[in-house]
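First the structure, in the form of structure tokens, and then the observations on it.
The values are calculated or read from the model by the stated rules, or taken from the named source; none is laboratory data. Computed from a predicted model, the values in this text were never measured in an experiment. Cβ placement follows ideal geometry from the backbone for every residue including glycine, while neighbour counts extend to all protein chains displayed.
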Amino acid sequence: MSQPITFFIHHQGRGHANRAMAIIRELPAERAVTILTAKPSLFDGFERPITIAALPDMIGAPVPTPGLFAQATPEVMHCVPLGVAKTRATMRTIIDHLDDVDPALFVVDVSAEIALLARIASVPAISIRMHGDRLDPGHLGAYQASVGLLAPFGAALEQGDTPDWVRANTCYAGGLCTTVDPVPTKAEARAKLGLDLDQEIVVVLTGGGGAGTPYAPLTMAARAVPDALWLVLGPVHREGHETDFGNLVEPGLGAGRDRSHRRGGRGHRVGGRQHGARDCACRSALCLRTRMALFRRADSQGRAAGRTRRGGRAADMAGRAGAVARHPRRGQVARSRGAGRAV
């Protein structure tokens with residue numbers, strides 16, 4: 001009987017779990033698989049038999065004393081607060097599992113500390129890499145502790161300053177997808193989505209973890225490249241002071257009640273079933289096209305309403321100014337037609 005494979009799956013967002021399912025689907029049916037995660041519900045409905053071991057949720061777990069909280073984090077680690085019982089319980093659960101099942105591989109997606117733990121426990125680990133600058137001691141230590149690295153992106157997207165030894169140990173998967181549907185051509189995809197074939201389009205995938213990607217930097221990007229259409233797929237975080245731009249669109253993708261749907265609309269039919277614009281949560285291209293059309297209409301309506309509100313406020317201010325001019329109070333300056341007199 002072959003040794004099992006164990007996955008550690010971080011529960012922030014859905015990307016880690018989706019990658020794991022894409023990999024597990026390709027494994028032989030006789031290979032036993034265990035998932036270690038703090039959010040087992042991420043794998044609800046997954047069709048392949050797997051074993052799930054629940055871990056404590058360490059995110060936000062309190063540190064018991066200010067003195068322990070003040071201790072500096074070692075450079076080779078990222079998140080190792082002291083005195084946290086959930087952290088000890090997590091590490092104990094992982095070590096007990098690795099000792100009990102003796103896995104052939106331990107796939108870590110993603111934690112520098114757990115990759116180091118696997119090496120200390122004498123278990124061969126594969127670390128999943130992420131985009132961006134990951135050349136800090138914590139990431140490099142995890143890469144050195146792993147027997148191999150898996151990048152869910154193509155080699156063409158590699159950072160220019162990534163060390164040669166990291167590249168040599170990396171398998172570039174070119175993207176791990178949750179679908180095996182054929183990839184349409186650019187012309188076919190844009191036609192389905194109702195997009196201009198020749199326009200420059202920038203797609204921003206924000207992911208599903210945390211409170212969402214900050215919206216302000218996206219507005220700055222849209223302003224810097226005004227001729228491009230910016231499509232933001234996923235949640236964003238707004239502070240309330242951001243300026244919207246007409247070329248920055250949030251069509252949503254399977255997110256349900258996005259702001260374009262809240263504006264209303266008649267919906268559409270997909271596969272013989274009516275999809276209401278208010279309630280649609282499907283992932284079809286037709287749905288996305290409908291959302292974008294609704295968004296553009298809502299955007300134009302919103303701008304028109306904004307002009308009406310501004311006009312109403314201007315008239316109201318003018319009326320107030322006239323009232324002050326007619327009935328000035330002591331100590332004020334009454335102004336009419338650009339001239340003023342002290343009262």
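Please verify whether Leu150 is closer than 30 Å to Leu229 by Cβ, surrounded by 13 or more Cβ atoms within 10 Å (Cβ to Cβ) and in contact (Cβ under 8 Å) with a residue 40 or more places away in the chain, treating the condition exactly as stated. The answer is no for Leu150. Under the condition of being surrounded by fewer than 17 Cβ atoms within 10 Å (Cβ to Cβ) and of a type outside the set (Ser, Thr, Tyr), which residue from the range 121-133 is farthest from Val33 (Cα to Cα)? Across the range 121-133, the extreme among qualifying residues is Asp133. A search for C-beta distances below 9 Å between a residue of the range 171-184 that is in contact (Cβ under 8 Å) with a residue 60 or more places away in the chain and under 14 Å from Leu150 (Cα atoms) and any residue that is charged (D, E, K, R) and outside any strand (DSSP E or B), counting only pairs 6+ apart in sequence or on different chains, returns Leu176/Arg19. Tallying residues that are among the acidic types (Asp, Glu) and closer than 20 Å to Gly234 by Cα within the range 1-43 yields 0.
Annotation note: Cβ proximity below 8 Å between a residue of the range 190-210 that is without any contact (Cβ under 8 Å) to a residue 12 or more places away in the chain and a residue that is surrounded by 14 or more Cβ atoms within 10 Å (Cβ to Cβ) and part of a loop (DSSP other than H, G, I, E, B) (sequence gap 6+ or interchain) occurs for no pair. Assess whether Leu117 counts as being under 26 Å from Leu135 (Cα atoms) and assigned to a helix (DSSP H, G or I). Spelling it out, Leu117 is indeed under 26 Å from Leu135 (Cα atoms) and assigned to a helix (DSSP H, G or I).
If a residue has to be among the charged types (D, E, K, R) and crowded, with 18+ Cβ neighbours inside 10 Å to count, how many in the range 77-114 make the cut? Can you show your working first?
Of all residues in the range 77-114, those among the charged types (D, E, K, R) come to 86, 88, 92, 96, 99-100, 102, 109, 113.
Adding the requirement that they be crowded, with 18+ Cβ neighbours inside 10 Å leaves 109, 113.
The qualifying residues number 2.
Tallying residues that are under 13 Å from Ala17 (Cα atoms), touching a helix residue (DSSP H, G or I) at 6+ places or on another chain (Cβ under 7 Å) and among the basic types (Lys, Arg) within the range 29-84 yields 0. Look at the range 240-264: where a residue is closer than 27 Å to Arg14 by Cα and of a type in the set (D, E, K, R) and a partner is at pLDDT 90 or above and assigned to a loop (DSSP other than H, G, I, E, B), sitting 6+ places away or on another chain with Cβ atoms under 9 Å, you get Asp258/Glu250; Arg259/Glu250.
Give the residues of the range 221-240 that are surrounded by fewer than 16 Cβ atoms within 10 Å (Cβ to Cβ), under 21 Å from the mean Cα position of the chain (by Cα) and farther than 18 Å from Gly207 by Cβ, sorted by residue number. Across the range 221-240, the qualifying residues are Glu239, Gly240.
From the list Ala173, Ala145, Ala118, the lone residue that is among the small types (Gly, Ala, Ser), surrounded by 16 or more Cβ atoms within 10 Å (Cβ to Cβ) and under 22 Å from the mean Cα position of the chain (by Cα) is Ala173.
Looking for something assigned to a helix (DSSP H, G or I), charged (D, E, K, R), surrounded by fewer than 16 Cβ atoms within 10 Å (Cβ to Cβ) and in contact with a helix residue (DSSP H, G or I) (Cβ under 6 Å, 6 or more places away or on another chain) - is there at least one such residue anywhere in the range 176-193? Yes: one or more hits.
Would you check which residues across the range 18-41 are assigned to a helix (DSSP H, G or I) and either in contact with a Gly (Cβ under 9 Å, 6 or more places away or on another chain) or more than 22 Å from Arg92 (Cβ to Cβ) (or both) and list them? Step through it out loud before you land on a result.
Pass one, the range 18-41, residues assigned to a helix (DSSP H, G or I): 18-24, 40-41.
Those that are assigned to a helix (DSSP H, G or I) and either in contact with a Gly (Cβ under 9 Å, 6 or more places away or on another chain) or more than 22 Å from Arg92 (Cβ to Cβ) (or both): Asn18, Arg19, Ala20, Met21, Ala22, Ile23, Ile24, Ser41.
Taking the range 67-91 as the range and being touching a Leu at 6+ places or on another chain (Cβ under 6 Å) and assigned to a helix (DSSP H, G or I) as the test, the residues that pass are Leu68, Thr90.
For (1) in contact with a Ser or Thr (Cβ under 7 Å, 6 or more places away or on another chain); (2) among the β-branched types (Val, Ile, Thr); (3) in a helix (DSSP H, G or I), each residue gets a yes or a no:
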residue	(1), (2), (3)
Thr93	no, yes, yes
Pro103	yes, no, no
Glu113	no, no, yes
Val123	no, yes, no
Ser127	yes, no, no
His139	no, no, yes
Ala142	yes, no, yes
Leu149	yes, no, no
Ala156	no, no, yes
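So which residues in the range 198-253 are out of contact with any Leu (no Cβ under 6 Å at 6 or more places or on another chain) and aromatic (Phe, Trp, Tyr), if there are any at all? Hits for the range 198-253 are Tyr215, Phe245.
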